[in-house]
Amino acid sequence: MLAGVLAAASIAGCSKEQAAAERPAPQVGVVAVTPATIPYIVSFVAQTESSRQVQVVARVSGFLDKIAYQEGDLVKEGQLLFQLDQKPFQAQLDAAQGELLAQKARFSTAKANLDRVKPLAEMDALSRADLDRAQGEYDSASAAVFAASAKVREAEINFSYTVIRAPVTGLASRSLQRQGAYLNAMSDSAQLTYVAAVDPIWVNFSVSQNQMGQLRDQIAAGRVIAPQDQNFEVELVLPDGAVFPNKGKINFAEPSFSQDTGSFLVRAVVPNPKRDLRPGMFVNAKVHGYTRPNAIIVPQLAVQQGSNGHLVYVVKPDNTAELRPVVVGDYYGEGEIVILEGLNAGDKVVTDGVLKVVPGKPVQMAATGAPAGTAKPAPKAADAAKQ
């Protein structure tokens, strides 16, 4: 009986080994790695700012007679915003003009007197003292006319300050003073409102020392290439994920790092004709212009997370699977990721059926898809927003 049991067990074991030996290799999908040049997009958290925000201040003291704009609305440059009571300033202007007329009359008399005295003095009919006196009265009257003219101009300027117009085209804030209030040009009551220009609008973001250092290292290693003309384009992604339709250009970079934050400010100017962007909004700024040459990209599904880092399966020439560690970079396009180290041109990376692969065991490759890293156009705005 014992011999019979052992014989049966031996037969069963042989059948299992034969079944395992006859199990077919798993079928997997692969892509061939082909390096290509792709855009390298750098993202920053940014905040919008008015390209020209001007405080509207009363320049003369007086009673506020009229508020002539709708608070919060768009105002055009030169549009009437406030008007002060003009009667006191009109009286000052009239008095200055009257003084000017009086001084001009005095000047005419002095000039006529000098014209009479000068020829007589030349004929020695009058003394030299008479000529000097007439000349002095003429010069004094001329100076008085000049001073009176300046008083008139001053009165005209003060009168013009009673009408306060929009200094720029933009959005006007609420009025800080109410109609009938007395405005003292030398105190805080002179503050009336502000007008913020929003087309174009500025977008500010900060670049840290670490970010700058990493970028320089990648450029030095040849992994990233900067545009020769330093012509960078800035794309904005709104908080809801929508891509702002207008792109901007970088027009300013702070020359030094902040001692408080260890970063420097960069500013882009963005067209905003529909005024969709308002000052103070937080957006995501994507800087376009850098490129990544000889980049290797694979589908994200091909990359696994291991205890010591990221891994991919590579099919070797003998059709066995090799588990290879890689160093990943940024996401690219839809569902792809950049591989910085670990893969070479021509490697066949497993993308489908990864869970069925056993390291060192044979696999069957299905029809190869598009080579990973094949050159393609830069991602559209919708794609870039997802990177």
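None of the figures in this text is laboratory data; all of them are computed from the coordinates on show. It should be emphasised that the depicted structure is a prediction, and the values quoted were computed from it without experimental measurement. Quick reminder, even Gly has a Cβ in these numbers, built from the backbone with ideal geometry, and neighbours come from all protein chains shown.
Two numbers describe the Cα atoms of the chain: Rg and Dmax, which are 41.3, 171 Å. Of the DSSP H helices in the chain, those with a Cα length along their own long axis of 24 Å or more and a mean Kyte-Doolittle hydropathy reaching 0.5 comprise 2-22.
For K356 and T34, the FRET efficiency from 1/(1 + (r/R0)^6), where r spans their Cβ atoms and R0 equals 25 Å, is about 0.50. Note on the stretch 269-320 and the stretch 192-258: Cα centroid distance 17 Å, given to the nearest whole angstrom. Average projected area of the Cα convex hull of the stretch 31-82, in nm²? The orientation-averaged projected area of the Cα hull of the stretch 31-82 comes to 8.5 nm².
Fully extending the segment from K111 to Q364, taken as 0.36 nm per residue of separation minus the present Cα-Cα distance, adds 79.5 nm.
Set the Förster distance to 25 Å, then compute FRET efficiency between L215 and L323 from the Cβ-Cβ distance, nearest 0.05. Efficiency computed from Cβ-Cβ geometry: 0.20.
Peptide packing: for 286-292, 304-310, the average count of neighbouring Cβ atoms within 10 Å per residue gives the ranking 286-292, 304-310, highest mean first.
Just checking the listed ones, P299, P279, P24: in the Gaussian network model of the chain with Cα springs under 10 Å, the one fluctuating most is P24. Looking at the chain as a GNM with Cα springs under 10 Å, which of G241, G136, G72 has the largest mean-square fluctuation? Highest fluctuation of the listed residues: G136.
Computed over the alpha carbons of the stretch 86-161, Rg followed by Dmax gives 17.0, 56 Å. Which one of E71, E233, E154 has the biggest mean-square fluctuation once the chain is modelled by GNM with Cα springs under 10 Å? Result: E154 has the largest fluctuation of those listed.
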